[in-house]
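A.B. asks: Dropping the structure in here first, questions after.
The values are calculated or read from the model by the stated rules, or taken from the named source; none is laboratory data. As the structure is a computational prediction, the values presented were derived from the model and not from experiment. With ideal geometry, Cβ positions are generated from the backbone for all residues, glycine too; neighbour counts draw on all protein chains shown. Just the protein is used for accessible areas: all its heavy atoms, side chains included, with ligands, DNA and RNA removed. Shrake-Rupley method; radii C 1.70, N 1.55, O 1.52, S 1.80 Å.
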Amino acid sequence: MPELGEHFGVDPDEAARALRFQGYSGSMTEEPPKDVLLAGVSGPRPDDFRPECEMVLEFIEEVWSQRRLHKVGDFMVRDLFLHTIGDRTVIRPERYQSDLLAMVGAFPDARFAVRDVQTNHSPRYAGLRVAVTWTMHGTYRGTPVFGRLTDQPVTVLGVSQFLIQGGRIVREHRVYDEISLRAQINGTRGDGPAVEANIY
């Protein structure tokens with residue numbers, strides 16, 4: 001299965017080894033907003049589509065952070081569609097559950113924090129889209145998919161766009177910075193340059 005960057009002839013692990021992870025600055029060093037539906041890191045937002053936004057936030061907490069995988073069907077349709085890094089497409093709840101476990105398998109204590117929410121409703125583009133900027137915080141002490149475990153914390157920045165129809169999620173497009181993740185791990189393990197300043 002191709003990983004991020006391989007479609008461009010780049011080995012993500014080699015790219016990460018050449019990258020000095022420089023840490024975070026600005027809003028990334030602050031706690032997530034208290035009420036992200038009132039104001040996210042991009043500032044105040046209109047109180048549009050609150051029930052759908054609350055449903056997406058509950059989904060991220062229940063399914064992603066709490067790993068209540070049996071609840072995928074409570075939020076998503078049977079023929080759900082996920083497109084994610086590595087140009088991978090996942091369909092149906094069982095495969096979605098497996099993909100999520102693969103994403104967090106290296107970080108058994110992984111928890112997700114939502115930093116921003118934006119919405120757009122357009123009949124031309126199939127209805128309501130809820131875009132969420134999130135971070136994943138975890139310790140690299142699980143499955144050693146990125147080489148030798150470090151037992152050190154990492155933070156991953158990601159964005160998911162959810163398509164909502166009839167009050168349920170039918171599609172998710174998810175991107176996150178796997179190169180930065182690998183660079184963080186390499187830096188704490190001594191396989192790459194040490195962390196310095198900021199890349200975001």
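A.B. asks: Being over 17 Å from Val130 (Cβ atoms) and open to solvent by 80 Å² or more (accessible area, probe 1.4 Å) is the filter here; which residues of the range 47-80 pass it?
C.D. replies: Hits for the range 47-80 are Arg68, His70, Arg78, Asp79.
A.B. asks: Residues of the range 81-97 being open to solvent by 80 Å² or more (accessible area, probe 1.4 Å), in contact with a helix residue (DSSP H, G or I) (Cβ under 9 Å, 6 or more places away or on another chain) and in contact (Cβ under 8 Å) with a residue 12 or more places away in the chain, which ones?
C.D. replies: Within the range 81-97, just Asp87 meets the criteria.
A.B. asks: Got at least one residue in the range 173-191 being modelled with pLDDT of 95 or more and acidic (Asp, Glu)?
C.D. replies: Within the range 173-191, not a single residue is modelled with pLDDT of 95 or more and acidic (Asp, Glu).
A.B. asks: Could you tell me which residue of the range 60-75 is nearest to the chain's Cα centre (by Cα), considering only residues that are among the charged types (D, E, K, R) and within 29 Å of Pro44 (Cα to Cα)?
C.D. replies: Looking at the filtered set, the residue picked out is Glu61.
A.B. asks: Next up: Can you confirm whether Leu149 is aliphatic (A, V, I, L, M), open to solvent by 20 Å² or more (accessible area, probe 1.4 Å) and farther than 23 Å from Phe59 by Cβ?
C.D. replies: It is true that Leu149 is aliphatic (A, V, I, L, M), open to solvent by 20 Å² or more (accessible area, probe 1.4 Å) and farther than 23 Å from Phe59 by Cβ.
A.B. asks: Report, by residue number, each residue of the range 29-80 that is closer than 13 Å to Leu100 by Cα and either among the aromatic types (Phe, Trp, Tyr) or touching a Pro at 6+ places or on another chain (Cβ under 8 Å) (or both).
C.D. replies: Phe59, Trp64, Val72 - these are the residues of the range 29-80 that are closer than 13 Å to Leu100 by Cα and either among the aromatic types (Phe, Trp, Tyr) or touching a Pro at 6+ places or on another chain (Cβ under 8 Å) (or both).
A.B. asks: Among (1) part of a strand (DSSP E or B); (2) farther than 25 Å from Leu38 by Cα; (3) under 16 Å from the mean Cα position of the chain (by Cα), there is one condition Arg78 misses while meeting the rest; what is its number?
C.D. replies: Tallying (1) part of a strand (DSSP E or B); (2) farther than 25 Å from Leu38 by Cα; (3) under 16 Å from the mean Cα position of the chain (by Cα), Arg78 fails exactly one: (3).
A.B. asks: Going by what's in this entry, would Leu128 be described as surrounded by 14 or more Cβ atoms within 10 Å (Cβ to Cβ), touching a His at 6+ places or on another chain (Cβ under 6 Å), among the aliphatic types (A, V, I, L, M) and farther than 20 Å from Val63 by Cα?
C.D. replies: Yes.
A.B. asks: Kindly establish whether Leu163 is touching a residue at least 12 places away in the same chain (Cβ under 8 Å), in contact with a Lys or Arg (Cβ under 6 Å, 6 or more places away or on another chain) and either surrounded by 14 or more Cβ atoms within 10 Å (Cβ to Cβ) or assigned to a strand (DSSP E or B) (or both).
C.D. replies: yes
A.B. asks: Next up: Give me the residue from the range 89-146 that is touching a strand residue (DSSP E or B) at 6+ places or on another chain (Cβ under 9 Å) and part of a loop (DSSP other than H, G, I, E, B) and, out of that set, farthest from Gly40 (Cα to Cα).
C.D. replies: Arg92
A.B. asks: Now, a different point. For the range 118-141, what are the residues that are of a type outside the set (Phe, Trp, Tyr) and within 13 Å of the chain's Cα centre (by Cα)?
C.D. replies: Listed by number, the residues that qualify are Ala131, Val132, Thr133, Thr135, Met136, His137, Gly138.
A.B. asks: Sticking with this structure for a sec: Checking the conditions here, which among Phe81, Phe107 is over 12 Å from Ile169 (Cα atoms) and of a type in the set (A, V, I, L, M, F, W, C)?
C.D. replies: The match here is Phe107.
A.B. asks: So which of Ala110, Ala102 ends up being within 16 Å of the chain's Cα centre (by Cα) and either open to solvent by less than 50 Å² (accessible area, probe 1.4 Å) or polar (S, T, N, Q) (or both)?
C.D. replies: Testing whether each residue is within 16 Å of the chain's Cα centre (by Cα) and either open to solvent by less than 50 Å² (accessible area, probe 1.4 Å) or polar (S, T, N, Q) (or both) leaves just Ala110.
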